[in-house]
1. Putting +1 on Lys and Arg Cβ atoms and -1 on Asp and Glu Cβ atoms, find which of Thr40, Val404, Gly237 reaches farthest to the positive end of the dipole of the chain.
2. Indicate the gyration tensor shape class of the stretch 305-383 (rounded, prolate or oblate), computed on the Cα atoms with a ≥ b ≥ c the square roots of the eigenvalues: a/c under 1.5 is rounded; otherwise a/b larger than b/c is prolate and the rest oblate.
3. Which order, highest average first, do 179-186, 291-298 follow once you tally other Cβ atoms within 10 Å for each residue and take the mean per peptide?
4. Read phi for every residue in the stretch 97-112 and hand back ³J(HN,Hα) as whole Hz from Karplus 6.51 cos²θ - 1.76 cosθ + 1.60, θ = phi - 60°, with x for Gly and Pro.
5. Provide the packing ranking of 53-66, 140-153, 207-220, i.e. peptides ordered by the mean count of other C-beta atoms within 10 Å per residue, highest first.
6. Computed from the coordinates I sent, semi-axes √(5λ) of the Cα gyration tensor in Å equals one of [x] 47, 25, 19; [y] 36, 26, 20; [z] 30, 26, 22. Tell me the label.
7. Residue by residue, what Karplus-based ³J(HN,Hα) values in Hz, rounded to whole numbers, does the stretch 309-324 have, using 6.51, -1.76 and 1.60 with θ = phi - 60° and x for Gly and Pro?
8. Mind running the shape call on the stretch 46-189? Use the C-alpha gyration tensor, a ≥ b ≥ c as the square roots of the eigenvalues: rounded below 1.5 for a/c, prolate if a/b tops b/c, oblate otherwise.
Amino acid sequence: MTAEAASTAAPNAGFADRYPLLHAVFIDPSRRTMATASFTALGLYALILIHSVLTSEGYVRPDGSMIGGDFTVFWTAAKTLFAEGAGALYQPGVLNERLNAAFPARGEFFLYWQYPPTYYFVVAPLAALSYPTAFWSWAVVTTGAALAALRSLWNAWLPLLVVFASGAAWQGLITGQTGFLTAALIAVAGGWADRRPLVAGIAAGLLTVKPQLGLLIPIAYAAAGCWRAFGAAAVTGVALAGLSAGVFGAETWIGFFDAMSAQGARMGADIFPYHKLISPYGFAMTLGAPASLALAMQIMASLSLAAFVFMVWRKSASWEARLIALAAAAPLASPYAFYYEAPIFFAALLLLAQRGTERGWLAYEKHALMGLWFLPVFAPGPENFPVPALLAFAAFALCARRVVHECGWRMPKLKTA
């Protein structure tokens, strides 16, 4: 053992002797410790959900919040689609009137329908189900899609268990949002571009249902010369948009762009929940920066992220390094990305853990991963402090460090965990 290694090991050994439980949980967790922690977290999540359902009235909790969170919007949109037509939701007030009628115990809703007409294909089947059945079906299907996509990256049960017991997974579940769905699509779009380009391109094309999250995919494909995937993505996206115009009417697209313009105006208002955003724009706005400065920061960050992804996909032949870069950068490239999109990071962090396990951990890498496993449970946090953005920045920095090492642009010293 070298003198440096001995000096590093001695303090850890002393800490392990004095605080064996803390050392086993936070410093050097074994497989048994990680499995126990994951099952414990899942058990706590289950108890919270069961208690919430039993004490709710029509899935409205005593504090007025909904079980399923934003899923109320998806379910109500599906009902409205068949009752009033696809264009109705883009009209001011229609969505909230429907929500107020469906969930009277909740109180007044102040929400907006901001999804493109292609998203109707995703939510339409929900119209045939009651709210509880629709919510649990949504949770099972989207979580299953994310699990299948991540399993194709690393087929090992313990890492997948740890991922789906994380605080970010819990937030993805209780918000009822699209985090698991978009995580699955980005994992396939980025991870399969070389191996199964048509499937990857179709996944990228399907991601146009939330277009702001796929901004970096064309850049990545072009940088690596993945033209079959690029073409499949373009054809899928255009076909999906054309099909939606044919089924729901071309005027729905006009309504969508009008809604986006109105949403842009709302993002400049003080009532917007900036603290729930994970973007540089949200970070700056939460801290009280002028909107012009926050927007300039976002533009610079987006361009830098695009350059980073381009460089990695151009220089690296490793699909793992490419996916880590893409999945870590994609949520930050758009100003309009909320904390419930954190599952998009799963593909990047899972592959980072795989590389650390198989090739050796960088200094403090494992400890940072453990922090990111737990801390998102506190999101979104106080309105004057950007908790989600800071966690997202930390996740990206951790992933970028591993990618830089994998690409050989610099060679930080490996440290055995």
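Every number in this text was worked out from the coordinates using simple rules, so none of it is lab data. These figures come from a predicted structure and were not determined experimentally. Heads up, the Cβs are rebuilt from the backbone with ideal geometry, glycines too, and the neighbour counts pull from every protein chain shown.
1. Working it through, the farthest residue towards the positive pole turns out to be Val404.
2. Oblate.
3. Descending mean neighbour count gives 179-186, 291-298.
4. In residue order, the calculated couplings are 4, 5, 5, 5, 6, 6, 10, x, 6, 6, x, 5, 9, 9, 10, 9 Hz.
5. 207-220, 140-153, 53-66
6. [y]
7. Result, rounded to whole Hz: 5, 4, 5, 5, 5, 6, 8, 9, 9, 8, 5, 5, 4, 4, 5, 4.
8. Cα axes put the stretch 46-189 in the oblate bin.
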